[in-house]
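Asker: Just passing along the structure, written as structure tokens.
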Amino acid sequence: MITGSPPATPAAPAFALAVEERIATAHGWLRDRRQAAWDAFSTMPMPSSQRDEDWRRTDIAKLQLSGFQPSDGIDEPLVNAIRQRRDQGAADAALLLDAAPVTRIEQSDELTAAGVVLSSLDEAARLHPELVERALSAVGVAESPFVALWNAMWSGGAFIYVPRSVHAAVPVWVAHSAAGHRGAAFPATVVLLEDNSSLTLVDDYLSAAGLNEMFSDALTIVVAGRDARLDHCVLQQWGEGVWHVALHRTVLAQNARLRMFGATLGSRLQKAYWEVMLDGPGAEANISGVVFGDGAQHLDHQSLQAHRAPQTTSRLKLKVAVRDHARSVYSGLIDVERIAQQTDAYVQNRNLLLSHGATADSVPRLEIRANDVRCGHGATAGHIDDDHRFYLMARGVTAEDADRLIVHGFLDDALADCPHPGVAALIGELLEKELEGNAQAGIAVVDA
Amino acid sequence: MTDHQALAADLVVDGLSVAVDGKEILRGVDLTVPAGEVHALMGPNGSGKSTLAYTLSGHPKYAVTGGTATFGGDDLLALPADARARLGLFLCFQYPTAIPGVTTVNFMRAALRAQGKEMPAREFIRRLNEEMAALRIDESFRARYINDGFSGGEKKRAEILQMAMLRPRLSILDETDSGLDVDALRTVANGVTRLAGPDMSVLVITHYPRILEYLKPDRVHILNQGRVILSGGPELATQIEREGYEPIIGPVAAEAGASRTSLTGVVAEAQA
Amino acid sequence: MTVQAHELSKDYEYGFHDVDISVFRTEKGLSPEVVAAISDHKSEPAWMLKFRLKAYEHYVKRPMPTWGADLSGIDFDDIYYYVKPAGEQSRSWDDVPESIKNTFDRLGIPEAERKFLAGVSAQYDSEVVYHNIREDLEKLGVIFCDCDTGLRDHPEIFRKYFGTVIPPNDNKFAALNSAVWSGGSFVYVPAGVKVEVPLQAYFRINSDNMGQFERTLIIAEEGSSVHYIEGCTAPNYSSDSLHSAVVELIAHKGAKIRYTTIQNWSDNVYNLVTKRAIAHENATVEWVDGNLGSKVTMKYPAIYLMGEGAHGEVLSAAFAGPGQHQDAGAKCIHVAAHTTSNIVSRSISKGTGRTSYRGHIKVYPKAHDVRINVRCDALLLDEESQSDTYPYMDVNSPDVTVGHEASVSKVGEDQIFYLTSRGIDEQEATALIVNGFFEPFVKELPMEYAVELNRLLALSMEGSVG
């Protein structure tokens, strides 16, 4: 028995009001779900680096939710900056701009004509409640305080449904943004892929550069049917005042395939779960990511490769460069259930430390309960090799340029896994700016 | 237990069909290697040569779908790999498997013991040293882990060393010549010829005729698309060296049946 | 006796036990009175009694660990915390009580001592019944005795180091040991002295429902070296026993300590051990840690690399048969610059056995030019077998090279085929591969132990195939 259990999270009064309204306007299962989530959240303590293994290396004691209120949309210059960014990465992509309370949808005709449903999650919950319910059931109502809060609070959001055997011809770019001092966002991407369908999806989290303190509690749920294919890019470029907590969960049925690429550049502190559930035989997931941290950023990634069916394959590669006093935390688990024979799973986490004061923690775990498996992991941490630097300098390159080249080369290896070439090029450019050392977290917004 | 003084015995393969992962590779192979003879099995890449070697040795991945194979009258196909080895069968692997942590010495002693050919430690070491010297294998190999970190040539010589120590009654050499330079090839071939004879028959599987200059086969068989399509004397190997497989098996795309007709003419011509 | 010994397990040959010839035992369970009774029985100085009672308080206060193996089966109230066998400690086997001497004869200890050891200590339940060291080493100033004797006869060295590497409040089981410790080894090697042949301690539990809490302290002065080996066995009882040791090593400048463990407790023993070393400038510490026995083991030998140029090695091998959980691993904490460490772990799970590797690598900000290598491999022999890997790496200095690789697999089909194609049957082929898998560990053992370990493995592997 734990005596003196920790106090429940002090709920933001503004959240309570918002939840009350959302519960009042919701119906049926959604109303129950929001209520249950809020009730659970009200009794749950915030994660603690003393008590919770998941949060041992990421301290959010300074996050005081009581001071936040739900973000109320974004201004037009930021909207334009987001459009420009979409144009740069995938100009043909349909755009879903999730900036609660309103979700704007642009350039979606081609996909809707093919039968793809693109809407706000709000609208989807009204028009296609059974589809939304099916997708949301992949995440528990109160798996964690942040999931509970999200379940109670989300509004706006993005919903994508790809019918059976439909192959979405252009990508869907879901941009999640927020603004305002102490604004809180609950970004939502909910995707249902029916059997044998395919989709390229970009989840882009961004706000204007600057010190504005904000809170983002994000959830992406993808449920993929048999033989479905998803290419998923996740860009995180929140401004440097943003606390970002996110759960990305993909559930794969038989022979479904995920290619996921994440680029983590922004926020003051991030805790992101990248999870894939390999539920059907033959399912396959390839996950890669690049992380660049500088200043005092704290970037935490926690991965889960859950092998729950035979002959499933997963790969995860996370490459991390940290500078200044930035800290990277990576922890991951390959979890192989007894039934999941012939699993083939591997994790690698490579860390490059660029300054004194920068730190990288790595905890790649394996829990294997089937015997006919090939599982492994590799983790390294190191600095720029003097021989490499010398080699480049001997060719006339300055030390600074040499280091930049080397870091670029180190991250490029993962960037090559990005499934969308335009997005890869965009991320490459963003990394270049980071490496030059004068990039602020968040995106530059030019007033029109 | 098998008497290790036993003479070689007949290998008789009759209508052998084999599938790997559901795909049929051998489609009715007929082949006889009489006791004490040296036979060569040749054929282009993908004709099923290694499949036959693995199947005769009892690799569990190769599923026999038809036919028989006997050695000295014993039904090989009914036996697991170790029992076949105890009958006197030896497969010289094309890609010998590394077993980290298990030294060559310990492995050889375990294998000899398993085959009922155990000998006193002193005699074992004396014989091992002799055979290693004959094969120009460095003494340090005794304590090295089997095939672990060996070069291609070292692995092949180590295979022949095992053959020399175990004294099998039938050796199947699976592409033993691949990846060997001329000197290594000669050493390895000499190692085999030293043992071949009334005590040991040999089935040499090869893509290239060169090793046959040393091993002097009594008969040469050509395997194509899972069947032995032609058997002849050593001159068959010479012909392949000169002209390649195409005159015999026809253009790559040709059906096995079609090539059989065409090659009869070619061979008649060559023999004329 | 309330508990009957059940029939000996087939593949554990040390499961026999002697009749109870103890002359003193504390009552079952633990209290300040029991702690005081142990101290009183040993006529200890006041500071040690105080140390024990303080540790007892820590023990009571600390919660049970919530991670690692399942410890819910331990009934702390049903354990004898101190059991003193008959007879006084002796330097001659002839003076050891007959039944105890027979036990150690069956375990081969006196024979090994004659053949290749520089000194032997034999603990039976709570007390060391025999210890001896070669006279030439004694003349060089080498001390090798049990910790109680160390406290009594060498108080100044003992007190200077005791409890400094692992303080009583380090963890619950270190606290428990600190409260009720008895026996173990005290080794002191003067500067420059190299003890070329190993010293060995052997730990035997005989009583049922027994807790053995030996305490070991090894100090290697500047430029000295020593190799210490410990082995252990216990009878099979149907009730559980607890073994909870604390081992502290101090390697001074340029010194080298190797500590080899062959843990072969019977499968009714909970083995919860804290082992930690401090390596000063240019010192080397090596833990060679083999875990074959016990019901549950939780043990993570640690090295704190405190001085520049220090080097640490942990070589760990674990075998978990049906019902066993080996939660073992290593910790290397790099505090100083130019330090290196190397960890190699091999584990095998058979039947429902479960092996876990739990490791911690930490590099402090000021530790530059640090190199660390970790390699963990696990083999799973059966469908019910389980393996976990929990490596923690905290790197707080940029000037480091850290590599960690791990793999989990079953015995390779191609390897089995290769060996069977030479006439070896599948069971022996598997045993050969398993032995080969442990080879990096076995080759670090003195020959006699290597042979013994391979034999034990072969026994454990019997009947493992079809």
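The values are calculated or read from the model by the stated rules, or taken from the named source; none is laboratory data. This one's a predicted model, so the numbers in the text were calculated from it and none came from an experiment. Here Cβ is always computed from backbone atoms with ideal geometry, including for glycine, and neighbour counts include all displayed protein chains.
Asker: State yes or no: is A:T398 more than 23 Å from the chain's Cα centre (by Cα), buried (at least 20 other Cβ atoms within 10 Å of the Cβ) and polar (S, T, N, Q)?
Answerer: Working: more than 23 Å from the chain's Cα centre (by Cα): yes; buried (at least 20 other Cβ atoms within 10 Å of the Cβ): no; polar (S, T, N, Q): yes.
No.
Asker: While we're on this one: Considering region A:238-257 alone, what residues qualify as being in a strand (DSSP E or B), over 12 Å from the mean Cα position of the chain (by Cα) and buried (at least 24 other Cβ atoms within 10 Å of the Cβ)?
Answerer: Within region A:238-257, A:V242, A:V251, A:L252 meet the criteria.
Asker: Quick check on this structure: which one of C:T216, C:T164, C:T149 is of a type outside the set (D, E, K, R) and within 17 Å of the chain's Cα centre (by Cα)?
Answerer: C:T216
Asker: Which is surrounded by fewer than 17 Cβ atoms within 10 Å (Cβ to Cβ) and modelled with pLDDT under 95, of A:M46, A:M1?
Answerer: Going through A:M46, A:M1 in turn, just one is surrounded by fewer than 17 Cβ atoms within 10 Å (Cβ to Cβ) and modelled with pLDDT under 95: A:M1.
Asker: Scanning for something of a type in the set (A, V, I, L, M), within 7 Å of chain C (Cβ to nearest Cβ) and within 27 Å of A:D54 (Cβ to Cβ), does region A:374-392 turn up at least one residue?
Answerer: Just the residues of region A:374-392 that are of a type in the set (A, V, I, L, M), to begin with: A:379, A:381, A:384, A:392.
When the remaining residues are screened for being within 7 Å of chain C (Cβ to nearest Cβ), the result is A:379, A:381.
From what's left, within 27 Å of A:D54 (Cβ to Cβ): A:379, A:381.
Yes - at least one qualifying residue is present in region A:374-392.
Asker: Still on this structure, I have one more. Where in region B:179-254 are the strands (runs of 3 or more DSSP E), entirely inside, with at least 1 residues that are within 26 Å of B:A6 (Cβ to Cβ)?
Answerer: B:201-206, B:219-224
Asker: Is there a residue in region A:111-118 that is of a type outside the set (F, W, Y), modelled with pLDDT of 95 or more, surrounded by fewer than 22 Cβ atoms within 10 Å (Cβ to Cβ) and more than 21 Å from A:L192 (Cα to Cα)?
Answerer: no
Asker: Name every residue in region C:376-393 that is in contact with a Ser or Thr (Cβ under 7 Å, 6 or more places away or on another chain) and either buried (at least 24 other Cβ atoms within 10 Å of the Cβ) or more than 14 Å from C:V434 (Cβ to Cβ) (or both), in order of residue number.
Answerer: Within region C:376-393, C:C376, C:A378, C:L379, C:L380, C:E384, C:S385, C:Q386, C:S387, C:D388, C:Y390, C:M393 qualify.
Asker: Which of the following residues is surrounded by fewer than 18 Cβ atoms within 10 Å (Cβ to Cβ) and farther than 30 Å from C:I433 by Cα: B:E243, B:E139?
Answerer: Details: B:E139 fails: farther than 30 Å from C:I433 by Cα.
From the options B:E243, B:E139, the qualifying one is B:E243.
Asker: For region A:99-131, how many residues meet the condition of being assigned to a helix (DSSP H, G or I) and either under 19 Å from A:R33 (Cα atoms) or among the polar types (S, T, N, Q) (or both)?
Answerer: Qualifying residue count for the region: 11.
Asker: What helices (runs of 4 or more DSSP H) lie completely within region C:14-115 and have 2 or more residues being under 30 Å from C:Y390 (Cα atoms)?
Answerer: Once the helices (runs of 4 or more DSSP H) in region C:14-115 are filtered for at least 2 residues that are under 30 Å from C:Y390 (Cα atoms), what remains is C:46-61.
Asker: Identify all residues within region C:32-89 that are crowded, with 18+ Cβ neighbours inside 10 Å, among the polar types (S, T, N, Q) and at pLDDT below 95; write none if there are none.
Answerer: C:Q89
Asker: Applying the selection to region A:191-219, what residues are closer than 18 Å to A:S71 by Cβ, under 17 Å from the mean Cα position of the chain (by Cα) and of a type outside the set (A, V, I, L, M, F, W, C)?
Answerer: First, pick out the residues of region A:191-219 that are closer than 18 Å to A:S71 by Cβ: A:203-219.
Next cut, under 17 Å from the mean Cα position of the chain (by Cα) only: A:203-207, A:214-219.
Residues satisfying the conditions are A:D203, A:D204, A:Y205, A:S207, A:S216, A:D217.
Asker: Which residue pairs have Cβ atoms under 7 Å apart, sit 6 or more places apart or on different chains, and have a first residue in region C:143-164 that is assigned to a strand (DSSP E or B) and a second that is of a type in the set (V, I, T)?
Answerer: C:I143/C:V187; C:F144/C:I133; C:F144/C:V187
Asker: A:G180: assigned to a loop (DSSP other than H, G, I, E, B) and at pLDDT 95 or above, yes or no?
Answerer: no
Asker: Is it the case that some residue within region A:292-305 is away from every other protein chain (no Cβ under 12 Å), touching a Ser or Thr at 6+ places or on another chain (Cβ under 8 Å) and closer than 20 Å to A:L405 by Cα?
Answerer: Checked against the condition, which is being away from every other protein chain (no Cβ under 12 Å), touching a Ser or Thr at 6+ places or on another chain (Cβ under 8 Å) and closer than 20 Å to A:L405 by Cα, region A:292-305 yields at least one hit.
Asker: Now for a different question. Going through region B:94-126 one residue at a time, which ones are in contact with a Ser or Thr (Cβ under 9 Å, 6 or more places away or on another chain) and farther than 15 Å from B:L166 by Cα?
Answerer: Result: B:Q94, single match.
Asker: Ok, one more. Name the residue, out of A:L352, A:L333, that is of a type outside the set (D, E) and in contact with a Leu (Cβ under 6 Å, 6 or more places away or on another chain).
Answerer: A:L333 is the lone residue from the list that is of a type outside the set (D, E) and in contact with a Leu (Cβ under 6 Å, 6 or more places away or on another chain).
Asker: What helices (runs of 4 or more DSSP H) completely inside region A:346-448 contain at least 1 residues that are touching a helix residue (DSSP H, G or I) at 6+ places or on another chain (Cβ under 8 Å) and over 28 Å from A:E240 (Cβ atoms)?
Answerer: A:386-393
Asker: Give all pairs with beta carbons closer than 9 Å in which a residue from region A:62-77 that is within 17 Å of A:G157 (Cα to Cα) meets a residue that is polar (S, T, N, Q) and assigned to a loop (DSSP other than H, G, I, E, B); count only pairs at least 6 apart in sequence or on separate chains.
Answerer: Final answer for the pair search is A:P70/A:S155; A:S71/A:S177; A:I74/A:S177; A:I74/A:S207.
Asker: Sort through B:E159, B:E131 and tell me the only one that's touching a helix residue (DSSP H, G or I) at 6+ places or on another chain (Cβ under 7 Å), surrounded by 16 or more Cβ atoms within 10 Å (Cβ to Cβ) and of a type in the set (D, E, K, R). Spell out how you get there, then give the answer.
Answerer: Values: B:E159 fails: touching a helix residue (DSSP H, G or I) at 6+ places or on another chain (Cβ under 7 Å).
Matching residue, one of B:E159, B:E131: B:E131.
Asker: Same structure, new question: Just to verify a result, which residue in region B:135-146, among those that are closer than 18 Å to B:T187 by Cβ and part of a loop (DSSP other than H, G, I, E, B), is farthest from the other protein chains (Cβ to nearest Cβ)?
Answerer: B:R136
Asker: Somewhere in region A:57-69, is a residue assigned to a helix (DSSP H, G or I) and among the charged types (D, E, K, R)?
Answerer: Within region A:57-69, none of the residues are assigned to a helix (DSSP H, G or I) and among the charged types (D, E, K, R).
Asker: Which members of region B:108-128 meet the condition of being within 14 Å of chain C (Cβ to nearest Cβ), surrounded by fewer than 17 Cβ atoms within 10 Å (Cβ to Cβ) and either of a type in the set (G, A, S) or in contact (Cβ under 8 Å) with a residue 40 or more places away in the chain (or both)?
Answerer: B:G116
Asker: Sticking with this structure for a sec: Restricting to region C:371-427, give me the number of residues that are more than 14 Å from chain B (Cβ to nearest Cβ), acidic (D, E) and assigned to a strand (DSSP E or B).
Answerer: Result for region C:371-427: 3.
Asker: Pull up region C:428-442, narrow it to residues that are out of contact with any Lys or Arg (no Cβ under 7 Å at 6 or more places or on another chain) and within 7 Å of chain B (Cβ to nearest Cβ), then point me to the one that is surrounded by the most Cβ atoms within 10 Å (Cβ to Cβ). Talk me through it step by step, then tell me what you get.
Answerer: Within region C:428-442, the subset out of contact with any Lys or Arg (no Cβ under 7 Å at 6 or more places or on another chain) is C:428-436, C:439, C:442.
Imposing the further condition that a residue be within 7 Å of chain B (Cβ to nearest Cβ) reduces the set to C:428, C:432-433, C:435-436, C:439.
On the way: C:E428: 20, C:L432: 24, C:I433: 21, C:N435: 19, C:G436: 22, C:E439: 20.
Within region C:428-442, the match that is surrounded by the most Cβ atoms within 10 Å (Cβ to Cβ) is C:L432.
Asker: Look through B:T55, B:T104 and report the one residue that is without any contact (Cβ under 8 Å) to a residue 60 or more places away in the chain, buried (at least 18 other Cβ atoms within 10 Å of the Cβ) and out of contact with any strand residue (DSSP E or B) (no Cβ under 6 Å at 6 or more places or on another chain). Write out each step before concluding.
Answerer: On the way: B:T55 fails: out of contact with any strand residue (DSSP E or B) (no Cβ under 6 Å at 6 or more places or on another chain).
Matching residue, one of B:T55, B:T104: B:T104.
Asker: Within region B:126-135, is even one residue within 20 Å of C:L432 (Cα to Cα) and of a type outside the set (A, V, I, L, M)?
Answerer: no
Asker: Every residue in region B:25-80 that is under 15 Å from the mean Cα position of the chain (by Cα), of a type outside the set (A, V, I, L, M) and assigned to a strand (DSSP E or B), please.
Answerer: B:T32, B:H39, B:F71
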